[in-house]
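Asks: Below: one structure in structure tokens.
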Amino acid sequence: MPVSGPVHEALAALPLVDHHCHGAVTADLGADAFKSLITEGAAWPGISPFDSPVGVAVRRHCAPVLDLPRHAAPADYLARRRALGWREVNRRFLAASATEVFCVDTGYAPQPVTSPAELAVAAGAAACEVVRLEQLAEAVAAGGVKANGYASAFRTAAETAVRRAGVVAVKSVAAYRTGFALDPARPTDTEVTAAAARWLTHGGRLTDPVLVRHLLWTAVDLGLPLQLHTGFGDADVRLHRADPALLTDWLHLTAGTVPVVLLHCWPYHRQAAFLATVFEQVYLDVGLALHYTGPARCRAVLEEALEIAPFRKLLYSSDAFGVAEFHHLGALSFRQGLAALLQSRVDADELTLSDALRIASWTGRDNARRLYGPLVSEPSRPSGGRPTRKV
């Protein structure tokens, strides 16, 4: 049964800031396409993603949003989704998340998804943009730049991108490309030019360690919060190289510069919590793990993240991509998991109720407002949106 009590009521009423997510698909999905989007693995023959913790959570917690009974059969769920159409499905789940601001990573779109503005209109909320730096670097390389001009061209492209209206942060997927066991020092111009020459000769994705280091140091120079994917992801990531503790030396060198936000983190959320405890500039979330563990287990992940982390350092994100179910399920899991955690500490006299309510507000909204500034703390909704709830 869901937890009840004043902390649960406060979190249920709190408009969230989803500080890292992606767009929702703008097409009606067939069964195979939907199944592929609710797993970080694959829809293997004989093994349905519906027969997993996230699949069960979708049937339990998302089916009622589509006017279906809890635990609806997968075939009934998919049929109802098709009958409503993608616009209505997106509208229902995005509105059900009760999110007031979405910070949208626009750098990953293997299929058409909503823009930040379209996501905002569907949700009746506001949306900001997170710029993915690897995508910019690859666009610069594809544009025909010479090796000795790469560093300047990338910096110019990045500076131009972050000046776009609505941009609040930048992001790197270095965890996927090289992992974090990198030389922490800023590379020299000579090193960058030589690495660019090697890359531009062969093309493809940015995977050169020198150029990834250059990208991270350019991010520091840009002055905006830097989001870093860590931990759990799809099969493209080498998980042992995505441990944020490997960034320790780089974090020493970048102390006093920009906020560094460690995204998702599981199973390294305890390492991320340590880093947030000892480095002023480090923050964390457990975003992707929320909907993959679901309300049944997300409390355990949140408890481990909050064993030592300062309460002003944990942020909420859904990391939802593709299916709008995940925007809703991430929010629901966060609210229920954190409410159960905090209420149990109040009941055990480990927290006062006023402390618990402050922590709930900080992690669900106010930490992100403080970190990302006026575009998040004073959001304006797009034309056609609906007012968000205020508390």
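Read the figures in this text as sums done on the coordinates, not as results from a lab. Bear in mind that the values here come from a model prediction, so they are computed numbers and not experimental data. Glycine also receives a Cβ, built like all others from the backbone with ideal geometry; neighbour counts cover every protein chain displayed.
Asks: Could you sort 354-366, 246-258 so that the peptide with the highest average Cβ count within 10 Å comes first and the rest follow in order?
Replies: On the way: 354-366: 19.8, 246-258: 16.0.
Ranking, from highest mean packing down: 354-366, 246-258.
Asks: Given the options Gly23, Gly41, Gly179, which has the most mean-square fluctuation in a GNM of the chain, springs set between C-alpha atoms less than 10 angstrom apart?
Replies: Gly41
Asks: Note the full-extension length gain between Arg270 and Ser4 as 0.36 nm times their separation in residues minus their Cα-Cα distance, in nm to one decimal. Walk me through the intermediate numbers first.
Replies: Working: separation 266, 0.36 × 266 = 95.76 nm, distance 2.75 nm.
Fully extending the segment from Arg270 to Ser4 adds 93.0 nm.
Asks: So, in Å, what gap is there between the alpha-carbon centers of region 249-322 and region 135-205?
Replies: Between the Cα centres of region 249-322 and region 135-205 lies a distance of 26 Å.
Asks: Ok, one more. Show that you can apply the helix-only estimate: for the chain, add -39,500 (n - 2.57) for every DSSP H stretch of four or more residues, divide by all residues, and state [θ] at 222 nm to the nearest 500. Each step should come with its number before you reach the end.
Replies: On the way: 18 runs with 182 residues, N = 391.
Helices in the chain give a 222 nm mean residue ellipticity of -13500 deg cm²/dmol.
Asks: Report the equivalent ellipsoid semi-axes for region 1-99 in whole Å, largest first, defined as the square roots of five times the eigenvalues of the gyration tensor built from alpha carbon atoms. Mind showing how you got there, number by number?
Replies: Numbers: eigenvalues 123, 55, 42 Å².
The three semi-axes for region 1-99 are 25, 17, 15 Å.
Asks: Here is a follow-up. Could you give the size of the charge dipole of region 29-84 about its Cα centre, using +1 on the Cβ of each K and R and -1 on the Cβ of each D and E, expressed in debye and rounded to the nearest 20?
Replies: Charge dipole, region 29-84, about its Cα centre: 160 debye, nearest 20.
Asks: Please list 96-104, 82-90 highest first by mean number of surrounding beta-carbon atoms within 10 Å per residue.
Replies: 96-104, 82-90
Asks: Pop the C-beta distance of Ala79 and Trp44 into the FRET formula with R0 = 25 Å and round what comes out to the nearest 0.05.
Replies: Numbers: r = 23 Å, r/R0 = 0.91.
In this case the efficiency is close to 0.65.
Asks: Continuing with this model, one more query. May I ask for log10 I(q)/I(0) of region 172-250 at q = 0.17, 0.21 Å⁻¹, from a Debye sum over the Cα atoms as equal point scatterers with solvent left out?
Replies: With one equal scatterer per Cα and no solvent, log10 I(q)/I(0) is -0.68, -1.00.
Asks: Okay, moving on. Using a/c under 1.5 as the rounded threshold, could you call region 148-189 rounded, prolate or oblate? The axes a ≥ b ≥ c are square roots of the C-alpha gyration tensor eigenvalues, and prolate needs a/b larger than b/c, oblate otherwise. Could you put the intermediate results ahead of the total?
Replies: Values: a/c = 2.68, a/b = 1.31, b/c = 2.05.
It comes out oblate by the Cα gyration axes.
Asks: How large is the convex hull of the Cα atoms of region 69-112 per residue, expressed in Å³ as a whole number? Could you put the intermediate results ahead of the total?
Replies: Working: hull volume 5.3 nm³, N = 44.
Hull volume normalised by residue count: 119 Å³.
Asks: Over all directions, how big on average is the projection of the convex hull of the alpha-carbon atoms in region 215-368, in square nanometres?
Replies: On the way: hull surface 37.7 nm².
Dividing the Cα hull surface by four gives the mean projection, 9.4 nm².
Asks: Now for a separate question. With r defined as the distance between the Cβ atoms of Ala109 and Ala13 and R0 fixed at 35 Å, what FRET efficiency is calculated, to the nearest 0.05? Display every interim value, and only then the final one.
Replies: On the way: r = 33 Å, r/R0 = 0.95.
FRET efficiency, Ala109 to Ala13: 0.60.
Asks: When Rg is the radius of gyration of the Cα atoms in region 121-272 and Rh is its Kirkwood radius, what does Rg/Rh come to?
Replies: Numbers: Rg = 15.5 Å, Rh = 16.0 Å.
In region 121-272, Rg relative to Rh is 0.97.
Asks: How big is the antiparallel share of DSSP beta bridges in the chain, given as a percent to the nearest 5?
Replies: Working: 1 of 27 bridges.
The answer is about 5 percent antiparallel.
Asks: Could you list Phe50, Phe279 in order of exposure, starting from the residue whose Cβ has the fewest other Cβ atoms within 10 Å? Let's see the in-between values first.
Replies: Values: Phe50 20, Phe279 17.
Least to most surrounded, the residues fall as Phe279, Phe50.
Asks: Additional query: For region 29-84, divide the Cα radius of gyration by the Kirkwood radius and give the resulting Rg/Rh value with two decimals. Don't skip to the answer; put the middle values down first.
Replies: On the way: Rg = 10.6 Å, Rh = 11.3 Å.
Answer for region 29-84: 0.94.
Asks: Quote the FRET efficiency, to the nearest 0.05, computed for Asp249 versus Ser152 with a Förster distance R0 of 25 Å and r equal to the Cβ-Cβ distance. The partial results should precede the final answer.
Replies: Details: r = 27 Å, r/R0 = 1.08.
Here the calculated transfer efficiency is 0.40.
Asks: Charges only on Cβ, +1 for Lys and Arg, -1 for Asp and Glu: so what's the dipole of the chain about the Cα centre, in debye to the nearest 20?
Replies: On the way: 38 positive and 38 negative charges, 150 e Å.
Charge dipole, the chain, about its Cα centre: 720 debye, nearest 20.
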